[in-house]
Amino acid sequence: MGGCFPCTRPPKSDEKDQIPPTSEKLKSKSSVDLKKQSSLNENQISSSASGRIAAQTFTFRELAAATRNFRADCLLGEGGFGRVYKGRLESSNQVVAIKQLDRNGLQGNREFLVEVLMLSLLHHPNLVNLIGYCADGDQRLLVYEYMALGSLEDHLHEPSPDKKRLDWSTRMKIAAGAAKGLEYLHDTASPPVIYRDLKCSNILLDEDYNPKLSDFGLAKLGPVGDNTHVSTRVMGTYGYCAPEYAMTGQLTLKSDVYSFGVVLLELITGRRAIDNSRAAGEHNLVAWARPLFRDRRKFSQMADPMLLGHYPARGLYQALAVAAMCLQEQPSMRPLIADVVTALAYLASQSYKPQNQTNQTASQLAAPGSPQTRVDLERRPPSGSERDRSRASK
């Protein structure tokens, strides 16, 4: 689980940008007021959501017992925010994942609070379920449902010998599920929520490879009314940040769409967003891919070699088309996440067997991001909320 860090030197900004403003509301089935937090304790967490937070509170002793005193053999992963352990709650016998935040690490009280509030109020099959939290003294721990297969990064970039490689159909299933999680944040939450830290290490997989978005400490409430963006300190992970956000600090829903495009490209190519071990000119995945998007004869070169050619040619090009549109440098040119869900749900629904692969040539298919591809996307039945469509027209 990788940590998060500023994508670039952050502009001067008031720290209150890191938590939901006092005057805004976050709703998921019901309207919940978020009160201003100046310090953190259990009473404040409970009152900040008008007593409606579903997450349980745990003592540090309970969570220490669940992890056998945080033994090394219970460690699942470690990142900039702290360590994650596998544990079993004595009260319910439930297997859980427990994140112990590093008291000297990158995630502070404000980010901890945001994560508790967001995951207590937002619920979707493609968002990780927060079971509870601990705020004993200076200890900060979060208790999540246990995701048996770990993160997408574990399978795509750091597979162990006992892990099977992701096949094409599974990759499209993961991409479609992650997009649905973003769609919920953008279209259902009111105000919309900007995830701000979409990356492979933050996409967790259950035993059936169903993906769930995790780590909401950097999430922000999106623009409301006539506002087109939220101005905030630039935070995220290098290689995934939208260029306009990294340069100006102006955050929009389309910033998430760009990050999703990077993840989709990782799924297609098997390459990391940033990989300094590769040859010069190939360190940055998006920079490497841009010229290839313009040459349909090279599309097959972008497929992950670990797929061993076992992918549908048309499906590959259509997935590349979606990735290319998400990675447009101009935010207004990127699709709404609802349209991305429509496209990827179709690709994920197409069963594929290597022996049924058709002999399609690249010349028979549209280039990603070409006028033909964009028209095809625009001709799909309208989807997404009225809010998204009105924002896209601005």
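The values are calculated or read from the model by the stated rules, or taken from the named source; none is laboratory data. Remember, it's a predicted structure, so these values are computed and weren't measured experimentally. Every residue, glycine as well, gets a Cβ built from its backbone with ideal geometry; the counts of neighbours run over all protein chains shown.
Before moving on, here are some points about what is shown:
- Verdict on residue 254 being at pLDDT 90 or above and closer than 23 Å to residue 333 by Cβ: yes
- Complete set of residues in the stretch 326-341 that are touching an Asp or Glu at 6+ places or on another chain (Cβ under 9 Å) and assigned to a helix (DSSP H, G or I): 331, 337, 338, 339, 340, 341
- Flag for residue 299 being outside any loop (DSSP other than H, G, I, E, B) and at pLDDT below 95: yes
- For residue 138, the criteria (1) out of contact with any helix residue (DSSP H, G or I) (no Cβ under 6 Å at 6 or more places or on another chain); (2) assigned by TED's automatic domain parsing to the domain that holds residue 195; (3) in a loop (DSSP other than H, G, I, E, B) hold in every case but one, which is (2).
- In the stretch 190-211, the residue that is surrounded by the fewest Cβ atoms within 10 Å (Cβ to Cβ) out of those that are of a type in the set (A, V, I, L, M, F, W, C) and farther than 20 Å from residue 250 by Cα is 205.
- Residue 119 being among the hydrophobic types (A, V, I, L, M, F, W, C), farther than 13 Å from residue 68 by Cα and modelled with pLDDT under 85: no
- Residues in the stretch 225-238 that are modelled with pLDDT of 70 or more and surrounded by fewer than 19 Cβ atoms within 10 Å (Cβ to Cβ): 1 in all.
- Filter result for the condition that a residue is in contact with a helix residue (DSSP H, G or I) (Cβ under 9 Å, 6 or more places away or on another chain) and either outside the structural domain of residue 157 (by TED's automatic domain parsing) or at pLDDT 95 or above (or both), over 339, 376: 339
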